[in-house]
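Just so it is clear, none of the values below were taken in a lab; they were calculated from the coordinates. Treat the numbers as computed from the prediction; the structure is a model and nothing was measured.
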Amino acid sequence: MRYPTTPDGRYFVVRGRLWRYTDPALAEAQRAEWTRALMRARRDVQAAKKSADKKREAAARSDVNAAKVALGERGPVWWSDGAPDLNRRMARNTIYADWFAALQIDEDRTGTNPAGTQK
């Protein structure tokens, strides 16, 4: 499933919330390595929750965060123009509000969003 991407390519939107994209300057091999680490850490979180092991869960969540920082999805921003980090904010409350409102209007009118996914 594709999600709408902000005009500057920094975020995608899920249920009205902005989520930062991976740093596009990362080498493909690095991106793939950290993505594998992220998926492994997420599986570890799930397994720890299932076994009710709080210590293991905390360690796995720390690994998730480390992978997301390495990918550029959290931590310092990967762009250099001084724009603020709006990760996890509601799009309607940011500088993307007008753009997001236009998406909503298009979705209401056509039944699809600009990414082409059905309502």
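Kindly write out, for region 32-41 in residue order, the coupling ³J(HN,Hα) from the Karplus curve 6.51 cos²θ - 1.76 cosθ + 1.60 (θ = phi - 60°), rounded to whole Hz, with x marking Gly and Pro.
Result, ordered by residue: 5, 4, 6, 5, 4, 4, 5, 5, 4, 5 Hz.
Using helices alone, I'd like the mean residue ellipticity at 222 nm for the chain: each DSSP H run of four-plus residues gives -39500 (n - 2.57), total over residue count, nearest 500.
The helix contribution divided over the chain gives -16000 deg cm²/dmol.
If you only keep lysine pairs separated by 8 or more in sequence, or across chains, how many in the chain come under 23 Å at the Cα atoms?
4
Before anything else, pin down the relative contact order of the chain: Cα pairs under 8 Å, at least 6 apart, normalised by residue count, whole percent.
Normalised by residue count, the contact order of the chain is 29 percent.
Starting at the first residue of region 72-78, write each ³J(HN,Hα) from the Karplus equation 6.51 cos²θ - 1.76 cosθ + 1.60 with θ = phi - 60°, in whole Hz, x for Gly and Pro.
x, 7, 9, x, x, 5, 9
Hey, could you get me the Stokes-Einstein D for region 25-72, Kirkwood radius over alpha-carbon pairs, 4 °C and 1.567 mPa s, rounded to whole µm² s⁻¹?
It diffuses with D of about 119 µm²/s by this estimate.
Quick one: which residues, 5+ away or cross-chain, put their amide H under 5 Å from the amide H of G72? H built at 1.01 Å from N.
Sorted by chain and number, the residues that satisfy this are D23.
With angles folded into 0 to 90 degrees, how steeply does helix 97-110 sit against the dominant principal axis of the chain? Use alpha carbons for both and round to 10.
70 degrees
Kindly give the semi-axes, whole Å and largest first, of the ellipsoid equivalent to the chain, taking each as the square root of 5 times a Cα gyration tensor eigenvalue.
The three semi-axes for the chain are 30, 18, 14 Å.
Quick check: residue separation of R15 and N65 times 0.36 nm, minus the Cα distance between them. What number comes out in nm?
Full-extension gain reported as 15.8 nm.
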